[in-house]
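What follows is one structure encoded as structure tokens, with my remarks underneath.
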Amino acid sequence: MSEVKANYLINTAPEIKAPFLKALQKIFHFSRLSEEHLNQLFQYSNFVVLKDGERPIQEGTFGQNIYLLIQGRLEVHLTNDKGVEEYVDVIYTPFRMFGEQCILGEANNVSIEARGEVLLLGIDISALPDMLDGLDNPDNRLEDQAYLQNKDMYMIFADVLNKRLNRLIKDQYKLIQKIVILHQSIEYQTSWKQNILLSVLFNEFSQNTLSPRLEVHEILKETLIWYLSDNDKLNELLAQRPVNTQHIYLEMVKLDMLGELDSMSSLLMEIIQKLAFKALKLKEYTEALQPQTHNLPAIIPLSEYLNELFEAIGSADILAKDLAKDQFLDGFLTDDYPDPFSLETFLREGQWVTSVFNMAHLMFLICQYCIKKELELNQIIGGSVRFLTNISTPRQNTQAPQLDEHAHNSAVVSEMINLHQTFLGQGETPVKERPASGSKQGNVEDLLAEFGL
């Protein structure tokens, strides 16, 4: 047994398997995984404790672990164009995942350093068969079933990355809407108030939680009238009572990807602005609003990611027969977000992908394109957030809706820490975190939260 494998929890602490899997399933990233897939994560997992200043990720080097932060604080450093390393971000949200660059076999593009003691969960993928070598050198490929764990592990991480990408795409829309309103408004206080309302309405529209008093059916029928005559699915969705706006949103994404919408962004903004006109007359929306005393980047729609991924799959010698774009969408898009598990079942049962190696390759491509798009989105979001933070105005307190999630995370963090203490055979001494000097700097997610996202 290799030294790396000897450190896996399955070898060092098999007795904690049952409570570990129970805690793992409570983490949002892994909440929908089967017991089989949770078992695979346990097989490759180990606890990692960092001392102050230690770096689990070093820019320019190749990693082998994907990490989840359990407790502590990490700083992100990046070398700028002048060769000087700069502090650019901080990670302190429990279960934030990082290090996924190792899936692609590419060098790390940032360094991550512990600030005080830090407890991580490391998931080692270096023991998996070298699929990249199998792609580059087909003669070196192993038997097909040898790549089963590659397929499963890539699918797990593809699922996590798709959830994150879907959230970032929605956050991008909301940030751009904020900047549009700020640019267009004469009365700044009024514009900021309206902007907060637009964000609330966008969230509710995409999650199907709009007030029935908004009469969303009439707004959608009026806005989408030019697309109804040629789209049975839209007509079917609009005929439902109440209308499921989350399903409408995903159908719009499909139409945009298929090139059947003139402008997804314009349609979305038109719908949200019409909803806002009605919401301003409803006390349930207006009483919670607190008025607050660049150039727009190109928006990256979900359909752009789906299009690029579809083209990559089609040109990668993965498919056993032709796959139409609408078939791909039917298999990949669920009620909530692009779902790799659903796509795997759809392609396998439909005989589009007939080998384990090819399915593993497909899941690898999903990870690759998610990571690529996430980098582009973070640049857009980062620039937008910097624009908004340069405006010296008070912000609405929007932390209240996140309290339930924070409490849930805290409970799971405690479970993970207790499992780590059991693993060490130590008493109840938590990982110590050194107080941060200077002002607290949040990451992009926290800055978005301050703006109501």
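A short reminder: the numbers here are calculations on the coordinates, not readings from a lab. Please read all numbers here as calculations on a predicted model, not as lab measurements. Note: ideal-geometry Cβ built from the backbone for every residue, glycine included; neighbour counts use all protein chains shown.
Numbers below:
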item: Residues with amide H under 5 Å from that of ASP89, placed H, sequence gap 5 or more; result: VAL76
item: Formal net charge of residues neighbouring ARG348 (Cβ-Cβ distance under 15 Å; K, R +1; D, E -1); result: -4
item: Net charge of Cβ neighbours under 13 Å - reference ASN358; Lys, Arg +1; Asp, Glu -1; result: +1
item: Under Karplus coefficients 6.51, -1.76 and 1.60, residue-wise ³J(HN,Hα) of the range 361-374 in Hz, glycine/proline x; result: 4, 4, 5, 4, 5, 4, 4, 4, 6, 5, 4, 4, 5, 5
item: Placed amide H near GLN71: partners under 5 Å, 5+ positions off or other chain; result: LEU119
item: Whole-angstrom gap from the range 214-245 to the range 70-145, using each part's C-alpha centre; result: 44
item: Calculated FRET efficiency for the pair GLU85/LEU132, C-beta based, R₀ 22 Å, to 0.05; result: 0.15
item: Highest to lowest packing among 353-365, 319-331, scored as the average C-beta count within 10 Å; result: 353-365, 319-331
item: Note, ³J(HN,Hα) from phi for the range 88-93, Karplus 6.51, -1.76, 1.60, rounded to Hz, x at Gly and Pro; result: 10, 6, 9, 10, 9, 6
item: Ordering of 300-306, 374-380 by burial proxy (mean other Cβ atoms within 10 Å per residue, highest first); result: 300-306, 374-380
item: In Hz, Karplus ³J(HN,Hα) per residue of the range 112-122 (6.51, -1.76, 1.60; θ = phi - 60°; x = Gly, Pro); result: 10, 10, 6, 10, x, 6, 9, 10, 10, 9, x
item: Listed residue (ILE313, ALA360, VAL243) projecting farthest to the positive dipole end of the range 243-388, Cβ model; result: VAL243
